[in-house]
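J.: First the structure, then my questions, so here it is.
Values quoted throughout were computed directly from the atomic coordinates according to the rules given, and no laboratory measurement underlies them. Keep in mind that what you see is a predicted model, and the values were worked out from it rather than measured. So basically every Cβ, Gly included, is an ideal-geometry build from the backbone, and we count neighbours across all protein chains shown.
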Amino acid sequence: MFELDRLQQIAQRHGVAWDQVQPRSLEERVRDLSETLQRRDVPFPIDPSRGRLYLAAAKAGRPFEQGTLGEDLVDLGEYHNQQHYDRYTVEEHLSWAVLVAEQQKTKHQYACREYLDGEHTFAIGGSVIPDYYLLNARIYQQTGWQLATVSTIIPAELFFTCHSKRFFPVTTFMRPLEQDYLQEPDIGHDVAGHVSTFTIPVVAHVMQHHGVARNLIYAERNERWELETDPKIRAAIQKRADELLLYAERIYWFTVEFGLVMQHGQCRAFGAGILSSPGETTFSIDSPIPNRILIDPSQDKELLRLATTDYLISEFQKSYFVTERFDLLESLTPERIVAAAKAAAKLPHFSWRDLVPGDRVLQVGQTAVSTNEKYLRLLADARCDDCLTRTAIRNLQWLIKHPSDGSELDRVWNGPVAAVPKQVLEWFQNHANDPAMSIPLRPLSD
């Protein structure tokens, strides 16, 4: 009884109607699904024969694994998962309801209009966790995309393989009750954050284009592999492909996940990572802490700025990139994404706090640093965060192999980039073999 009182009090505190936190029965969910599958007034009507098999699986109570309404399937391997809908607890459903209620308070103030229209299309909200059978059908009908359930954060290669086939990986667990920000994606991030972006055509295109970019990168890897038999050379080829995908992923991170866009002279959010967190939604637009930098992604230099900028996934972002207009994202073709990644491999990189010559800065954040601060902190053993440390080590390793007078960087960024102090380079050369100077690894962002 005490536990029930606690949950009811939490619901009341967040304006959630407790009597609505009751999942619908299988029979009710199947009825809704049956009606949805028959719709023909949608961009992607569902083939009746596929719809009958899909409905039969749902009616039999078979856990949802991935959408089967189109021609393609995706091999998730060890990351394969299922949504056992009837196993969700009342507390998990309440966690969804509370998160959605809090999200709505910030989304309607800070989200772009296209995103809010998408939420209306998919009826994102309610007081219970969505049934993926029904949600997947609605997504397919509106966009041609489908869901594929995964068990945890998946490797970048698999993540973007899914995108190339218009599958979006979704987890099946719900964050703890009343937790705002979560490093690992959950239903609150994947569904309440991402799903509405599928109805913004340009964002959906960027997502699929990243999938195709992944295919281009690994097709080139395979071609080079066929010419080599030496295991060390083949390992180096694999490492390069993974590195290029990492730089391509940064473009995805600063647009699809944490992108802002200018609308009617104001910054508005469209990134799913932002809008799935009520706290970060407000932070991204109102807080004086982060940098906000205006970009035109159709310009190669500004696309390269994204590809060369590192970040962390464990806390709110320290820089947000604000796209001038949505239509400019159409320029992010697979070929341009790959070209930016290859260019990034030949340059020093920036941390998520750095301001760079040529940046069109809308706000200098309280956490902003000069491009050299990360090196000086490393030298003084005053490490600020893993992003600065990782970027500093990576760049110093690169600079030792590629000595430069700085003029090349000045040309790339259309302005003078501060040279790394000579004493820092000399110090690093003497400590390059120290295990502490290895670059910390990080998992995929999503």
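J.: For Cα extents along the principal axes in Å, one of [x] 91, 60, 46; [y] 71, 66, 38; [z] 71, 54, 43 was computed from the structure I shared and the rest are decoys. Which label?
T.: [z]
J.: Taking H as built 1.01 Å from N, whose amide H comes closer than 5 Å to the amide H of residue 168, not counting residues under 5 places away?
T.: Hits under the 5 Å cutoff: 146, 147, 148.
J.: While we're here: Could you list which residues have their amide H under 5 Å from that of residue 320, counting only those 5 or more apart in sequence or on another chain, with H placed in the peptide plane?
T.: Amide H neighbours of residue 320: 291, 292, 293.
J.: On a straight-distance basis, which lysines could pair with residue 301 in a cross-link, Cα separation under 19 angstrom, same-chain partners fewer than 8 positions away excluded?
T.: Partners found: 342, 346.
J.: Checking the a/c ratio against 1.5 first, then a/b against b/c, what shape does the Cα gyration tensor give for region 349-427?
T.: Oblate, because a/c is 1.5 or more while a/b does not exceed b/c.
J.: Another question, if that's okay. Karplus couplings for region 312-320 from phi (6.51 cos²θ - 1.76 cosθ + 1.60, θ = phi - 60°), rounded to Hz, Gly and Pro as x?
T.: 10, 10, 8, 7, 4, 5, 9, 9, 10
J.: Follow-up question, since we're still on this one. Can you give me the C-alpha center-to-center distance between region 252-285 and region 161-205, rounded to a whole angstrom?
T.: Cα centres, region 252-285 to region 161-205: 14 Å.
J.: Hey, which lysines would be in cross-link range of residue 107, C-alpha to C-alpha under 27 Å, not counting anything within fewer than 8 residues on its own chain?
T.: 318
J.: Let me ask you something else. How far, in nm, would the chain grow between residue 429 and residue 2 when pulled straight, counting 0.36 nm per residue and subtracting the alpha carbon separation?
T.: Contour length minus Cα-Cα distance gives 147.5 nm.
J.: Given the -39500 (n - 2.57) contribution per DSSP H run of 4+ residues, what per-residue ellipticity at 222 nm results for the chain, rounded to the nearest 500 deg cm²/dmol?
T.: Taken over the chain, the calculation gives -14500 deg cm²/dmol.
J.: For an R0 of 22 angstrom, estimate the FRET efficiency from the Cβ-Cβ distance between residue 17 and residue 117 and round to the nearest 0.05.
T.: 0.30
J.: Over the chain, with a Gaussian network built from C-alpha contacts below 10 Å, which listed residue (124, 233, 293) shows the highest mean-square fluctuation?
T.: Maximum among the listed residues: 233.
J.: Could you name the lysines in cross-link range of residue 422, using Cα to Cα under 20 Å and dropping any fewer than eight places away on the same chain?
T.: Residue 422 reaches 374, 401.
J.: Among bridges DSSP assigns within the chain, what percent are antiparallel (round to 5)?
T.: In the chain, DSSP labels about 40 percent of beta bridges as antiparallel.
J.: Tabulate in residue order the Karplus-calculated ³J(HN,Hα) for region 59-76, using 6.51 cos²θ - 1.76 cosθ + 1.60 with θ = phi - 60°, rounded to whole Hz; enter x for Gly and Pro.
T.: 5, 6, x, 6, x, 6, 10, 7, x, 10, 8, x, 7, 9, 10, 10, 8, 8
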